[in-house]
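All remarks here apply to the structure that follows.
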Amino acid sequence: MNNDTRFIKAAEILPKRLRTVLGSLPEYITEEIYEIRLRSGNPIMLSTASEQVMLTEMGNIARIMRSGLITVSDSELKETYLNACGNTVHAHTEELLKGFVTLSCGHRVGICGRAVYGADGKISGFEEITSLNIRISRQVPGAANKIMSVFKNGICGTIIAGPPASGKTTILRDIARQFSKGFTGKYIKVCVVDERNEIAAASRGIPQNDLGYSTDIITGIKKSEGIEIATRCMAPDVIICDETGSEQEAEAIAASVNSGVVFITSIHCGNRNELVSGAIYRRLTATGAFKKTVLLSGRGADSRIEEIITVGGEKREIDGSYTDPRSLGLRSSAEKLIAASAVQ
């Protein structure tokens, strides 16, 4: 499935009026869009790596507020929310606890509104929806090319860190693909613990993203439980999971690393200071499971490697040599991590 098709699939949950206009956009525009934002009574907003733009009723891009823009009504917002939930809100309770719903192809819909609590005191859904953010999942073969140098002397535990939309999940997906397809010289047994179904985007048991020949996928399960099952039942060489952020997940990693499993995961951070001072990063590195951290910056097609950090040391490693990454131009937009990656 190409990225233009993924954009169309993400737009399928929209009401017909909005879906029709978005569907008329040319591919060179849609391939740059990574978010579709809907806010009640406000213009529909499309996020690219460099800017947020609006749409006119004629299907043109607008960069400033003007007349003739498409605004989103309350009824359209609610319809989109119900479509995202497949009209069965209660079936998505676990996801809604975290403020989102995951669609097919791995798209995620972030939700803002008035939360509704069930008899058990947990969020059972949202009413009076005020805004939705459709994050578009894309597969970019070769997105991990620059990072694969970390593994040239053997696969090691690695944390991919960066801000939202910096490409962490896209890179994890491509690492799984490259390991599993033998691009490191041999076929590596990978197990993807895909709690939100964003890495594999499995539909009816079939991954919609290419994760290679020797990848097993566990989805719809808490990462801490999935890690335990993967270690005990699948004997993987590598476990890949996205957005590690709880003590329970860190404990599961600590327990499984003693079985010889290598972990590759991602965490959120805004910059290096936030990374090294963060409680979850300190907890993960204390497990002994991780030797390298890849710090990303930028968004979308402008995402790039800021630096590669050796865990437990102050040196910063790029392609095996210790040096200041700025001397290699890795901060330059010409070094776009995703857009400039060669397709394998």
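Scan 200, 255 and give me the residue that is touching a Gly at 6+ places or on another chain (Cβ under 9 Å), at pLDDT below 95 and on the phi < 0 side of the Ramachandran plot.
Going through 200, 255 in turn, just one is touching a Gly at 6+ places or on another chain (Cβ under 9 Å), at pLDDT below 95 and on the phi < 0 side of the Ramachandran plot: 200.
With the requirement that a residue be under 18 Å from the mean Cα position of the chain (by Cα), part of a loop (DSSP other than H, G, I, E, B) and among the aliphatic types (A, V, I, L, M), what does segment 89-103 give you? Quick ask: steps written out before the conclusion?
Within segment 89-103, the subset under 18 Å from the mean Cα position of the chain (by Cα) is 95-96, 98-103.
Still in the list and also part of a loop (DSSP other than H, G, I, E, B): 98-99, 103.
Within segment 89-103, 103 is the sole residue that qualifies.
On the basis of being buried (at least 24 other Cβ atoms within 10 Å of the Cβ) and either over 17 Å from residue 226 (Cα atoms) or touching a residue at least 12 places away in the same chain (Cβ under 8 Å) (or both), does residue 161 make the cut? Please lay out each step first, then the result.
Details: buried (at least 24 other Cβ atoms within 10 Å of the Cβ): yes; either over 17 Å from residue 226 (Cα atoms) or touching a residue at least 12 places away in the same chain (Cβ under 8 Å) (or both): yes.
Yes: the conditions hold for residue 161.
With the requirement that a residue be touching a residue at least 60 places away in the same chain (Cβ under 8 Å), over 17 Å from the mean Cα position of the chain (by Cα) and crowded, with 22+ Cβ neighbours inside 10 Å, what does segment 237-262 give you?
Answer for segment 237-262, where residues must be touching a residue at least 60 places away in the same chain (Cβ under 8 Å), over 17 Å from the mean Cα position of the chain (by Cα) and crowded, with 22+ Cβ neighbours inside 10 Å: 238, 262.
Out of 13, 33, 8, 29, report the one residue that is among the β-branched types (Val, Ile, Thr), farther than 21 Å from residue 113 by Cα, touching a residue at least 60 places away in the same chain (Cβ under 8 Å) and touching a Ser or Thr at 6+ places or on another chain (Cβ under 9 Å). Step through it out loud before you land on a result.
Numbers: 13 fails: farther than 21 Å from residue 113 by Cα; 8 fails: touching a residue at least 60 places away in the same chain (Cβ under 8 Å); 29 fails: touching a residue at least 60 places away in the same chain (Cβ under 8 Å).
33 is the lone residue from the list that is among the β-branched types (Val, Ile, Thr), farther than 21 Å from residue 113 by Cα, touching a residue at least 60 places away in the same chain (Cβ under 8 Å) and touching a Ser or Thr at 6+ places or on another chain (Cβ under 9 Å).
Pick out the one residue from 157, 245, 212, 162 that is in contact with a Ser or Thr (Cβ under 8 Å, 6 or more places away or on another chain), of a type in the set (Gly, Ala, Ser) and closer than 20 Å to residue 280 by Cα.
Values: 157 fails: in contact with a Ser or Thr (Cβ under 8 Å, 6 or more places away or on another chain); 245 fails: in contact with a Ser or Thr (Cβ under 8 Å, 6 or more places away or on another chain); 212 fails: closer than 20 Å to residue 280 by Cα.
Answer to the check: 162.
Give me the pairs: first residue in segment 65-94 and closer than 19 Å to residue 10 by Cα, second residue β-branched (Val, Ile, Thr) and part of a helix (DSSP H, G or I), beta-carbon distance under 8 Å, and six or more apart or on different chains, which are they?
Going by the 8 Å Cβ cut-off, the qualifying pairs are 70/21; 82/89.
Quick one: how many residues across segment 223-247 are among the polar types (S, T, N, Q) and in contact with an Asp or Glu (Cβ under 9 Å, 6 or more places away or on another chain)?
Quick first cut of segment 223-247, residues among the polar types (S, T, N, Q) only: 224, 231, 244, 246.
The next check asks that each one be in contact with an Asp or Glu (Cβ under 9 Å, 6 or more places away or on another chain); those that pass are 224.
The number of residues fulfilling the criteria is 1.
Considering every residue within segment 211-225, establish whether at least one is more than 17 Å from the chain's Cα centre (by Cα), modelled with pLDDT of 95 or more, in a helix (DSSP H, G or I) and over 22 Å from residue 149 (Cα atoms).
Yes, because at least one residue in segment 211-225 is more than 17 Å from the chain's Cα centre (by Cα), modelled with pLDDT of 95 or more, in a helix (DSSP H, G or I) and over 22 Å from residue 149 (Cα atoms).
Among the numbered conditions (1) free of Cβ contacts under 8 Å to residues at least 12 places away in the same chain; (2) within 30 Å of residue 19 (Cα to Cα), tell me where residue 107 comes up short.
(1)
Name the residue that is nearest to residue 31 (Cα to Cα), counting only residues in segment 285-310 that are of a type in the set (A, V, I, L, M) and buried (at least 19 other Cβ atoms within 10 Å of the Cβ).
At the first step, the residues of segment 285-310 found to be of a type in the set (A, V, I, L, M) are 286, 289, 294-296, 301, 305, 308-309.
With the extra rule that they be buried (at least 19 other Cβ atoms within 10 Å of the Cβ), the set shrinks to 289, 294-296, 301, 305, 308-309.
Numbers: 289: 36, 294: 25, 295: 24, 296: 21, 301: 10, 305: 21, 308: 28, 309: 31 Å.
The residue in question is 301.
Give the residue that is surrounded by the most Cβ atoms within 10 Å (Cβ to Cβ), with candidates limited to residues of segment 104-121 that are modelled with pLDDT under 85 and assigned to a loop (DSSP other than H, G, I, E, B).
Restricting to residues being modelled with pLDDT under 85 and assigned to a loop (DSSP other than H, G, I, E, B), the top hit is 118.
Could you tell me how many of the residues in segment 226-276 are part of a loop (DSSP other than H, G, I, E, B) and not charged (D, E, K, R)? Walk me through it before giving the result.
First, the residues of segment 226-276 that are part of a loop (DSSP other than H, G, I, E, B): 234-237, 242-246, 258-261, 269-271.
From the residues that got through so far, the ones that are not charged (D, E, K, R) too are 234-236, 244-246, 258-261, 269-271.
So the count comes out to 13.
Can you name the residue in segment 288-333 that is β-branched (Val, Ile, Thr) and in a loop (DSSP other than H, G, I, E, B) and is also modelled with the highest pLDDT among such residues? Walk me through it before giving the result.
Taking segment 288-333 and keeping what is β-branched (Val, Ile, Thr), we get 293-294, 305, 308-311, 318, 323.
If we keep only those that are in a loop (DSSP other than H, G, I, E, B) too, we end up with 311, 323.
Details: 311: 91, 323: 30.
Selected residue: 311.
Could you check, for segment 85-98, whether at least one of its residues is closer than 12 Å to residue 132 by Cβ, of a type outside the set (Lys, Arg), out of contact with any Asp or Glu (no Cβ under 6 Å at 6 or more places or on another chain) and modelled with pLDDT under 95?
Initially, segment 85-98 is screened for residues closer than 12 Å to residue 132 by Cβ, giving 85.
Cutting the leftovers down to of a type outside the set (Lys, Arg) gives us 85.
Retained after the next criterion (residues that are out of contact with any Asp or Glu (no Cβ under 6 Å at 6 or more places or on another chain)): 85.
The next check asks that each one be modelled with pLDDT under 95; those that pass are 85.
Yes, segment 85-98 has at least one match.
Residue by residue through segment 144-165, note down the ones that are farther than 13 Å from residue 179 by Cα and either among the small types (Gly, Ala, Ser) or modelled with pLDDT of 95 or more (or both).
Scanning segment 144-165 gives 157, 158, 159, 160, 161, 162, 165.
I'd like the full set of residues that are over 23 Å from residue 127 (Cα atoms) and of a type in the set (Gly, Ala, Ser), limited to segment 59-103.
Correct list: 59, 62, 67, 68.
Kindly list the number of the only condition in (1) part of a helix (DSSP H, G or I); (2) in contact (Cβ under 8 Å) with a residue 12 or more places away in the chain; (3) more than 15 Å from the chain's Cα centre (by Cα) that fails for residue 171.
Of the numbered conditions (1) part of a helix (DSSP H, G or I); (2) in contact (Cβ under 8 Å) with a residue 12 or more places away in the chain; (3) more than 15 Å from the chain's Cα centre (by Cα), the odd one out for residue 171 is (3).
The values are calculated or read from the model by the stated rules, or taken from the named source; none is laboratory data. Just so it is clear, the structure is predicted and the values come from calculations on it, not from any experiment. Ideal geometry is used to build each Cβ from the backbone, glycine not excepted, and the neighbour counts take in all protein chains shown.
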